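In what follows, a structure is listed as structure tokens, so that the remarks can point back to it.
The values are calculated or read from the model by the stated rules, or taken from the named source; none is laboratory data. No experiment lies behind these values; they were computed from the predicted model shown. Cβ atoms come from the backbone with ideal geometry, glycine included; neighbour counts cover every protein chain shown. Ligands, DNA and RNA are excluded from the accessible area calculation, which covers all protein heavy atoms including side chains. Shrake-Rupley method; radii C 1.70, N 1.55, O 1.52, S 1.80 Å.
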Amino acid sequence: MQKIPTIFNRNWEGNRKIIDQLLIPDFDFENAIATEKLDGMNVRVTVRNHTVVRLEKRRNPSKIQKKNGIVDPWYVDANVEAKEDAYLFDAVKSNDFSEVPDGEWSAEALGEKIQGNPLNLLGHKLFIFSLPAWREKVVFENVPTGFEELKEWLPKQKSIFGNDCGIEGIVWHNLNSGLMCKIKTKDF
């Protein structure tokens, strides 16, 4: 799994906030959709015959692993008996997988006991952002891509998925190449 790059470069020597310099200058925004970046825990579900047969959670490299050149995260199995994974399994149980094809699907586990519940959700839910039909549910139209425009636009947006809250950010999905990039409200 590769991390989704931020569209702007960062001030790595200073406050690590983004600067007005495109990191991906040739990204094709014309053939991309902009979706709400949901703030939860990244997971992957394996679906067979409309049933989740495996749940994995994202694992980020440690500082030592990063020093050894391991920079991209990966998935590890969630443990049904582990207290810290209970809410991930609750999120899976709350979903209908009747329209989900067989495969491995990246998703976001969201809800009351996950990441402080910034979306103000009741219970726990799973959102399969890797499925185009699901992604379409959180599309924002006319999203600016300029630095100053985004800086002003992002904090004014209300979540499509959450309850009376702002958005964590935007993820652009290029429909032709499959490439993605993102921006978070807190990046500014």
Run the dipole for the chain about the Cα centre, Lys and Arg Cβ at +1, Asp and Glu Cβ at -1, nothing else charged, and hand back the magnitude in debye, nearest 20. 720 debye
V53 - accessible surface, heavy atoms, 1.4 Å probe, Å² rounded to 10: 90 Å²
For region 108-188, just say rounded, prolate or oblate: build the C-alpha gyration tensor, square-root its eigenvalues into a ≥ b ≥ c, call rounded for a/c under 1.5, and beyond that prolate if a/b exceeds b/c, oblate if not. oblate
Compare I4, I170, I70 by solvent-accessible area with a 1.4 Å probe and give them largest first, with all protein chains kept in place. I70, I4, I170
Evaluated over region 1-114, the Cα radius of gyration and Dmax, each in Å: 17.4, 50
Calculate one ³J(HN,Hα) per residue across region 130-138 by plugging θ = phi - 60° into the Karplus curve 6.51 cos²θ - 1.76 cosθ + 1.60, and present them in order as whole Hz with x for glycine and proline. 7, 8, x, 4, 7, 4, 4, 6, 10
Please list, ordered by chain and number, the residues whose modelled amide H lies under 5 Å from the amide H of R54; skip anything fewer than 5 residues away on the same chain. T46
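Among residues other than Q115 whose Cβ falls under 11 Å from its Cβ, what is the net charge (Lys/Arg +1, Asp/Glu -1)? Walk me through the numbers before you get to the answer.
Numbers: positive: K113; negative: D39, E108, E112, E168.
Taking every other residue near Q115 into account, the sum is -3.
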If each part is reduced to its alpha-carbon centroid, region 1-33 and region 64-92 end up apart, in Å, by 26 Å
Compute the distance from the alpha-carbon center of region 97-160 to that of region 45-62, in whole Å. 18 Å
Roll a 1.4 Å probe over the protein heavy atoms and report the accessible area of S98 in Å², nearest 10. 60 Å²
In this model, which of K113/K156; K93/K156; K83/K125; K66/K125 are farther than 29 Å apart at the alpha-carbon? K93/K156; K66/K125
Quick one: which residues, 5+ away or cross-chain, put their amide H under 5 Å from the amide H of R59? H built at 1.01 Å from N. W74, Y75, V76
For region 25-32, Karplus-derived ³J(HN,Hα) couplings (6.51, -1.76, 1.60; θ = phi - 60°; whole Hz; x for glycine and proline) come out as x, 9, 5, 8, 5, 5, 10, 10
Kirkwood Rh and Cα-based Rg: tell me the resulting Rg over Rh for region 49-164, rounded to two decimals. 1.01
Per-residue HN-Hα couplings for region 177-188 [Karplus 6.51, -1.76, 1.60; θ = phi - 60°; Hz; x = Gly/Pro]: 9, x, 5, 9, 8, 9, 8, 10, 4, 6, 5, 7
Under 1.5 on a/c is rounded, so check that first for region 141-188, then, if it is not, pick prolate when a/b is larger than b/c and oblate when it is not; a ≥ b ≥ c are the square roots of the alpha carbon gyration tensor eigenvalues. oblate
Given H placed on each backbone N at 1.01 Å, which residues far from F140 in sequence or on other chains put an amide H within less than 5 Å of it? A34, T35, E36
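Near E84, within a Cβ-to-Cβ distance under 15 Å, what is the net charge of the other residues, with Lys and Arg +1 and Asp and Glu -1?
Residues close to E84 contribute a combined charge of -1.
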